[in-house]
Structures are given as structure tokens and as C-alpha cells.
Amino acid sequence: MITLLDYGAGNVRSVINAIESLGETVKIVSSGADILAAEKIVFPGVGAFGNMMQILHRKGLVEPLKAYLSSNRPFLGICLGLQALFDKSEEAPGCEGLGIIPGVVKRFTLELAVPHIGWNGISIRKPSKIFDQLEGSEKFYFVHSYYVAPLDASAVLTTTDYGDGFVSGIQRGNIIATQFHPEKSGRAGLRLLKNFLEAGSHPFLPARTLNSTRLAKRIIACLDVRSNDQGDLVVTKGDRYDVREEGAVRNLGRPVELAGRYYEEGADEITFLNITGFRDFPLEDMPMLEVLKQTSRTVFVPLTIGGGIRNYTDKNGRQYSALEVASEYFRSGADKVSIGSDAVLIVEDYLKSGVKSGRSAIEEIARVYGNQAVVVSIDPRRVYVPSPDAVRHPVIETRRPGPDGERYCWYQCTIKGGREGRDLDAVTLARTCEDLGAGEILLNCIDRDGTRLGFDIELINAVKKAVSIPVIASSGAGRTDHFLEVFTKTAAESALAAGIFHRREVPIATVKKFLQGKVEIRL
Ligand code: 1PR
């Protein structure tokens, strides 16, 4: 029996699923007494340090946790569950941590994108039971803006390089904690978790310990989901966002099945977009929650869900906030939510008023679940203009002239799945969403979607240069060299594709094999 400390923020469902998939049962802590009686505790933390400590205090869990940790019984902290062990964090000045490991938690100050999101390696500094049967060169999934700085070097279990090196794992006696998420790190992560859960394994030093590590470029499989005319939830795929062929919605498979296939084929992340979310309400659209619940039982890489994340009033007049909608998704197994149409409206309001309301979906979800949990999905369309000063939007000079020979263009934001163009451009949208607290940009491109012509490099460069958060390049992948092109001609951290994976034209494994040795990837 594993005791799981859930303080109520973020996706603990995936940790529970991962532990259960290894044949263990999970008991969730509901009082301090549960902690004191536990034999093995797993503490998966997600969200913000201050919020976490406040909740732990309010629930009377801080003293029992300190007592448990002092008794040197087995403990595995994950992400914020690692940071909680320290004295304090720059994320919440004035708020005390558990103070079990002397040291502080610091924010990354780097030229590189923050949060540090994705698959990176670990340099193993000492033997541990959790490394049993690992090779040492595996990559694990990270998502964080803060890192721990222990005063005592003997506590350091692993380090990872991102700009400078940082401590990505600690161990002192039976207290182990990792900055990365084993429950989201595929087979390697499950192995590590199994090693922690099993009694009796011995400290182990893998054969290949890395001296330095590198963050991999991510390959993301995207599933556009909607009901077809028969009412079945299907994965569909548009051609420049038109998902109908001869009048019927294209049906490319079942969401849970396809997600499972992509996990097995090596996808680094999976994204579900409920593409009719702008007109449906996700909490009435229970199949989407069910898709997430079922997928997260067998798929142990990060899951993002988008579509319909906004404030909503149902037919009985009950109001739901975007935060409530997102919370339901997180409880069902999502790691990140992606906001599309609502982000455009939020930015328009903010630019008009010049004041952050603090109540927008982006701000509220980021405050509770952390910036890394908020992706903004942009659906831009290229608009050609005759000269750079023809519009008040940022204009780029393009190598692909327009129908009338125009050498300039801007990227117009759209809402409602491309149905409505707005007087706002993609560069300003991305920059403003970062300012409001978004942690990542999913950059689609209506002109390229489903065309197999390759990614729109000019669009990706324009947006990437304007933000310091990671950017997912999306739309247009048709061949393996399109992935190489996007990773060598732009600084995008990941590339997303749909059609070529669904139709098995170019499997994920083929993309990775092609990229191997040319760009850093997770194999
Ligand atoms: O506006 O918050 O409700 O979110 C709706 C979400 O659904 C948005 O993220 C929006 O991008 C998406 N969406 C809406 N309509 C469509 C459509 O296709 N008719 N899909 C749609 C967008 C774009 C990509 C696609 C890539 C890769 N899909 O995610 O997967 O273009 O495709 P490819 O590799 O085949 O070229 P809200």
C-alpha cells in the first residue's frame, strides 16, 4: 500500500495510474494521522510553492510530514514534492518550506526558454535503488521554472544541464525526490518508480553515467477530436481546418486507441483538441473527460487537452469558471490545458484596458496550477499586404510572395476554429499571453494545416523571437525532413503533427530515426 499525498492541485491521477499499473494500491492522505501511519509516501507536487505550503498548513499536514520524514521512512517527492523539502523558495518569499534538506529553491535566470519543459537526461552522482536496471542514458520529463540548491552536496543524487547545471534529484537515507516526473517519463520513469516501490533492491550505479545532458526536441502527436454526424467521438483531421470530405466529418480513428498507439511509437507528448469546444461545453461533453481518464491509465507521457476552456453558463443558469473546467480536466489526467479562442478575447480586453484583471482564464489557471500548465493555442492565418506600413500589426517580409506579388504579410489571429478573424496578430497575442502567465505556445497555421507542405518557418521565427516561453511548431508536416527544417531553421522546442501520423504515412519512430544524430531527441 502506497500513501499518496494529494494537496489538491494538479494532476495526481497520472501518478496514481502509474503506481497502479505497477500492481500497487494507493491510499490518498486525508489527515495527518494517515501520514504518521504510512509505510511509503509518494508526494507529487504540481503548481506553485506558496499555494502548496498554505494548503499543507491549512490541512494540518506540515507537522505530521516533518515527523514522517525525520523517521527516515521511504519517501518519494516529485517536482514540487522535491522543492517542498527545502527551507524556502524564491517563488514565495516569506513562506517557509519543510526545512528537511538545507537549502533554497531558485528561479532559472537563463537565455533559454523558461519553464524548462521536456525530456532531459540525468547525470547520476551516487548509487541508488531507484536506478536498478536503468542504463543511465535515459531521458526523463521535466517541467519547472524553479530548481533546488542544496547546501549539503552529499544529498545530491542527480544533476541535469539546462544552461547551467542544476540538481535534479536528491537522496538522503530513504528520502528520495526528483525534479522530473517519473510518472510522465514512459518506460524509464515506470522502472524508476517500480524500484522505489519495491522493497529490498540495493543501491545501483548504471553502467553509463552521463557527464552532461541535453534537452531533447519534442515530437508531439495531436488528435483533433469531435463528434461525427453519427454522434461518435472520433479523431478527425482538417485540410486548412476543413474537416469534412464530401460532406462528412473525416474519421481517422478512436481517440484512446490512437493515443495508445502514439505512446508505443515514441511520442514525447500527446495533445487532444476538442475542436468544437467553442460551441459545446466540455463539462457536458463527458466523453472528452472519459477519453482523458482512459488514456491516462496506459499512456505515461504528458497529455495536453484543449477546446472550450473558458467561463460558461449552462442552460440552468449555473456559472462555471474556466478554472473549474480546467480543474476537471486535470483531475481526469491532463497535465496541461490549451486555451484557444478565449486567449484571443482575453488579450483584446487586456490591450484595450491596459489592466490585468487577474481573473482571466490564463491568469487564474496559471496561479493555481502553475504557468507550465497553461498552453495558448494560436490559429493564425497569413494576410498579405503591399507594404510594411499598410497595417498597424507587426509585418514580416516574406520569401513567399502573395497572389498579387505582395512581399509582406502579417498573421491574423482567429477564433472558433478559424471561423472568425480578429484585429489582432499572432506575435502580439503570444507576447501578451506570456505576460499574462502562459507557459507555452502551440503555434498552428491555418494555411499549412493538413497540406503536408512543411511548417511555416517565417511564422514560427516571428513568434519565437517575441517570447521566452517554449513554442510548439504545428501544421504542415509532410516528410521527415520537415522536422529537421523546423528544428534547424527556428528555435522551436517541439514540433507537432497529426495527419501523417494518423494515416501512417510517416510514423513517429521514422521521424526520430531520421533526426537521430542531427538534433537531440529522446529515443
Ligand atoms: O478555441 O479554446 O475552444 O480551442 C479549440 C482548439 O481546437 C484550438 O486549439 C484550435 O486550434 C483547434 N481547432 C479548432 N478547429 C479546428 C479545425 O481543424 N477545424 N484544429 C482545430 C486545429 C490544428 C492542429 C493540427 C495541426 C497539425 N488543429 O492542432 O493538429 O495543424 O496538422 P497536420 O500535421 O495534419 O498539418 P478553443
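The values are calculated or read from the model by the stated rules, or taken from the named source; none is laboratory data. Computed from a prediction, not measured in an experiment: that's the story for all the values here. Note that each Cβ is placed from the backbone with ideal geometry, even for glycine, and that neighbours are counted across all protein chains shown.
Is it true that residue 295 is buried (at least 24 other Cβ atoms within 10 Å of the Cβ) and away from the ligand (no atom under 16 Å from the Cβ)?
The answer is yes for residue 295.
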Where a residue in region 428-454 is farther than 18 Å from residue 370 by Cα and its partner, wherever it lies, is near the ligand (Cβ under 10 Å from one of its atoms) and in a helix (DSSP H, G or I), with Cβ under 8 Å and at least six apart: 429/343; 429/344; 450/499; 452/499; 452/500; 454/482
Taking region 417-445 and the residues there that are part of a loop (DSSP other than H, G, I, E, B) and over 21 Å from the mean Cα position of the chain (by Cα), the one that is nearest to residue 308 (Cα to Cα) would be 417
For the subset of region 212-241 comprising residues that are more than 10 Å from the ligand (Cβ to nearest atom) and of a type in the set (D, E, K, R), which member is farthest from residue 185 (Cα to Cα)? 229
For the subset of region 338-371 comprising residues that are among the hydroxyl-bearing types (Ser, Thr, Tyr) and more than 16 Å from the ligand (Cβ to nearest atom), which member is nearest to residue 304 (Cα to Cα)? 369
When you go through (1) closer than 19 Å to residue 508 by Cα; (2) among the charged types (D, E, K, R); (3) within 16 Å of the ligand (Cβ to nearest atom) one by one for residue 244, which number turns out not to apply? (1)
Any residue in region 363-374 that is within 20 Å of residue 281 (Cα to Cα) and in a helix (DSSP H, G or I)? yes
Just one listed residue, out of 497, 509, 466, is closer than 22 Å to residue 434 by Cα and hydrophobic (A, V, I, L, M, F, W, C), and it is 466
Check 501, 483, 514 and return the single one that is of a type outside the set (Lys, Arg) and either free of Cβ contacts under 8 Å to residues at least 40 places away in the same chain or farther than 19 Å from residue 223 by Cα (or both). 514
Looking only at residues that are in a loop (DSSP other than H, G, I, E, B) and either within 16 Å of the ligand (Cβ to nearest atom) or touching a Ser or Thr at 6+ places or on another chain (Cβ under 7 Å) (or both) in region 406-416, which one is nearest to residue 376 (Cα to Cα)? 416
Options 277, 260, 253: the member that is under 25 Å from residue 501 (Cβ atoms) and not in a loop (DSSP other than H, G, I, E, B): 260
Residues (touching a residue at least 12 places away in the same chain (Cβ under 8 Å) and among the basic types (Lys, Arg)) located in region 342-378: 356, 367
Checking the conditions here, which among 380, 403 is more than 16 Å from the ligand (Cβ to nearest atom) and not acidic (Asp, Glu)? 403
Matching residues, region 206-222, being part of a loop (DSSP other than H, G, I, E, B) and either among the charged types (D, E, K, R) or surrounded by 15 or more Cβ atoms within 10 Å (Cβ to Cβ) (or both): 206, 208, 209, 210, 213, 214, 215, 216, 217
For the structure I just gave you, tell me whether residue 518 is charged (D, E, K, R), more than 29 Å from residue 429 (Cα to Cα) and in a helix (DSSP H, G or I). no
Evaluation of residue 65 against (1) within 26 Å of residue 156 (Cα to Cα); (2) in contact (Cβ under 8 Å) with a residue 60 or more places away in the chain; (3) not in a helix (DSSP H, G or I) (one fails), failing number: (3)
Output the number of the condition that residue 271 fails; it satisfies all remaining conditions of (1) more than 10 Å from the ligand (Cβ to nearest atom); (2) buried (at least 21 other Cβ atoms within 10 Å of the Cβ); (3) modelled with pLDDT of 95 or more; (4) of a type outside the set (D, E, K, R). (1)
Residues being farther than 16 Å from residue 464 by Cβ and either within 12 Å of the ligand (Cβ to nearest atom) or in contact with a Gly (Cβ under 6 Å, 6 or more places away or on another chain) (or both): count how many of those fall in region 491-511. 12
For residue 234, the lone unmet condition from (1) buried (at least 17 other Cβ atoms within 10 Å of the Cβ); (2) of a type outside the set (S, T, N, Q); (3) part of a loop (DSSP other than H, G, I, E, B) is (3)
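Results for (1) within 12 Å of the ligand (Cβ to nearest atom); (2) more than 20 Å from residue 382 (Cα to Cα), shown as yes or no for each residue.
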{"site": "452", "(1), (2)": "yes, no"}
{"site": "455", "(1), (2)": "yes, no"}
{"site": "458", "(1), (2)": "no, no"}
{"site": "463", "(1), (2)": "no, no"}
{"site": "472", "(1), (2)": "yes, no"}
{"site": "475", "(1), (2)": "yes, no"}
{"site": "480", "(1), (2)": "no, yes"}
{"site": "486", "(1), (2)": "yes, no"}
{"site": "489", "(1), (2)": "no, no"}
I'd like the full set of residues that are assigned to a loop (DSSP other than H, G, I, E, B) and surrounded by fewer than 18 Cβ atoms within 10 Å (Cβ to Cβ), limited to region 471-515. 479, 491, 503, 504, 505, 507
Residue among 32, 103, 10, 81 that is crowded, with 23+ Cβ neighbours inside 10 Å, at pLDDT 95 or above and touching a Pro at 6+ places or on another chain (Cβ under 9 Å): 81
If you go through region 301-358, how many residues are part of a helix (DSSP H, G or I), of a type in the set (Gly, Ala, Ser) and surrounded by 16 or more Cβ atoms within 10 Å (Cβ to Cβ)? 5
